[in-house]
Each structure stands twice: as structure tokens, then as C-alpha cells.
Amino acid sequence: VIGYYNGQYVNPSEAVIAIEERGHEFGDGIYEVIRVYGGRPFLLDWHIERLLNSLEAIRIASPYDAAGYERLMQEVLDKSGEREASIYVQITRGSAVRNHLFPEQDTVPNVSIVVRPVAPKGEQTPGKLLMQPDERWANVYIKTLNLLPNIVAKQTAHDAGADEALLVRDGLMIESASSNLWFVRNGELITAPTDRYILPGITRRYVLELARDLGIPVREEKLPREQLSSVDAIFITGTLAEIFAIDTVLSHPSIPISTSLPDVALHPVTVTPDTCKTEW
Ligand code: PMP
């Protein structure tokens, strides 16, 4: 494991960041996670494109251009010597006296990188999702550091014996806490369109490209949760999750699921506390 902070190599578990740092105090920053296979960062240009979009969306002037990020990440990766790894890159608005207003012009973004070895996934058994209300804000297409609703949803899923959340907004199935959501129905792939309510996953984009190359029809559409019973298969995608098959969807107390996937037992569970009484 290797850490990098503003030009220095650091131990990622040791304190290097000021308390009055906007990422630390406000979550005022963005991040990316890139998977390295065989020493090569996978789909790095797409990750850098999304990183630049995220910075622009929250009005942080990027400290590097695309080529600069590529060079920097390669340098830290080379220094780590890892070949199967994740690269975490975080950029915040900088260090400044705590104030909601953006700091003055001379504040420079802080850049953190952690390269960590990743064990390649072997054969996996299919997993479970726990349906839950999507309690995130209305700009989840920006990959910001503000992940509290995501981590609570993932923990709630974990506590119920599931691997991931299935987030529902306005009665529609959106995505998971840290992965995009896919359905297969009548030979067609179905996934939510890239509007402001999903994170435009790099793995999602790659799977779309694979589907196009293979001539598999794709529909970018949000399915109502009532249509869960009509799907033939479910999987989720993410940089570290890769492509992960799902065979069970657990219900949340506020949405009883009375249907089941073909050939799959559905196991309704009770999640406490019952946090969501409202319509969603
Ligand atoms: N949705 C959310 C909310 C995520 O956090 C992630 C992981 N960053 C994804 C989807 C999957 O995106 P990617 O394929 O780029 O990892």
C-alpha cells in the first residue's frame, strides 16, 4: 500500500491532512477508483474524463489536465510496484479556514492518491440485494466525497445478510450503493439512463460497449419496482465489484415484495429500525 499527498509519498494510515481541510470538514471534493489489471490501469481515460466532469460540476479548478492525471497516477502506481490493485484518487477544494463559502482564489486543491493491492476475484456465487429508499441528493452523477447515504444503505444491506442495496426513488429502481444495476428481460439488457440520479459508471459504460459489439439489445430505462417479478436475471457492475450476478432481492419493511425471480427463492427480512415510512 502506498499513499501520495500533494507531491509527497506518505503512509496512508498516518495523519497528513490539516483539520481545516475542505474535504475533511465538508466533503468538498470528488474522487475516482480505478482498477489495475496486470500492472495497467483499466479504462483510465474514461475515469479521468469523469473526474474532470465531477470537478467542473462542483466548480473546482482542476490542478491537472487529462495527460497530467495519467502521468501522476502511473508514477504512483510504478512507485507501488503493484500489478493487481486499486487506485483511489481524491481532489478537494483545498485547505482554508472553515466557511461554507468557497475560499479565495489562492486556495489550491489537495490531491490524495492511495494504491492498494486487490485480490483478483475467482468464481463467485450470486449475491443478494436489499431494496431500500434512495435517500441521496439530486446530483448523484457527481462522484463527490459525500457518501453517507451510500454507506448507510450498504451497511443496512449487510446487516440484513445482503451484499448490496437496491435503491428505489419515486417507485423506480435506480442503482446500488456503489454499483450500477442491470436487468435481463426477454433477451434485452435494461439499466437506468445516465441522468442526474445515477452515477455514470465506467463499468456500466464498458458493458454497454460490450453489448453493442455482441449485438445484445439494451434499453436504458428505470424499471418500476413492481416489475422486479418480470425480469429473468439481475446483475450489478462496478470498478471493484466487476460484474456480479444477483439471485435474490430482499424486501425492506416498507416495501413488501410479494413476487420472486424465476427459480429463485425470495427471502423477505425484517430490517430494524424501520426508517422509511414515507412514499418513495
Ligand atoms: N454507482 C455508484 C453510486 C457508485 O459509487 C459506483 C462506484 N463508484 C458505481 C455506480 C459504479 O461505477 P464504476 O463502474 O465507475 O465503478
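Quick note: the coordinates plus some simple rules give every number you see, no bench work behind them. Here the structure is a predicted model, which means the values were calculated and not measured. Heads up, the Cβs are rebuilt from the backbone with ideal geometry, glycines too, and the neighbour counts pull from every protein chain shown.
At-a-glance table
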{"item": "Per-peptide average of other Cβ atoms within 10 Å, ordering 175-181, 32-38 highest first", "result": "175-181, 32-38"}
{"item": "Total charge dipole magnitude, the chain, about the Cα centre, Cβ charges on Lys, Arg, Asp, Glu only, Debye to nearest 20", "result": "0 debye"}
{"item": "Computed label-point distance, nm, for sites Ile19 and Glu226 using a 7 Å Cα→Cβ extension", "result": "5.4 nm"}
{"item": "Degrees, to the nearest 10: 66-80 long Cα axis against longest axis of the chain", "result": "90 degrees"}
{"item": "Helix 44-57 axis, angle to the chain major axis (alpha carbon atoms, nearest 10°)", "result": "80 degrees"}
{"item": "Antiparallel DSSP beta bridges within region 127-250, percent to nearest 5", "result": "60 percent"}
{"item": "When the chain is reduced to its Cα atoms, the Kirkwood hydrodynamic radius in Å", "result": "20.2 Å"}
{"item": "Cα pair count fraction exceeding 22 Å, expressed as % - region 2-117", "result": "32 percent"}
{"item": "Protection-proxy order for peptides 220-228, 201-209, 13-21, each taking the mean of Cβ atoms within 10 Å per residue, highest first", "result": "201-209, 220-228, 13-21"}
{"item": "Length gained when the stretch Arg98-Arg185 is fully extended (0.36 nm per residue, less Cα-Cα span)", "result": "26.3 nm"}
{"item": "Ellipticity estimate at 222 nm from DSSP helix runs (n ≥ 4, -39,500 (n - 2.57)) divided over the chain, nearest 500", "result": "-6500 deg cm²/dmol"}
{"item": "Distance between region 176-193 and region 61-89 - C-alpha centres, whole angstrom", "result": "30 Å"}
{"item": "Relative packing of peptides 59-70, 148-159 - highest average C-beta neighbours within 10 Å first", "result": "148-159, 59-70"}
{"item": "Estimated dipole of region 1-133 in Debye, rounded to 20 [Cβ of Lys and Arg +1, of Asp and Glu -1, Cα centre]", "result": "420 debye"}
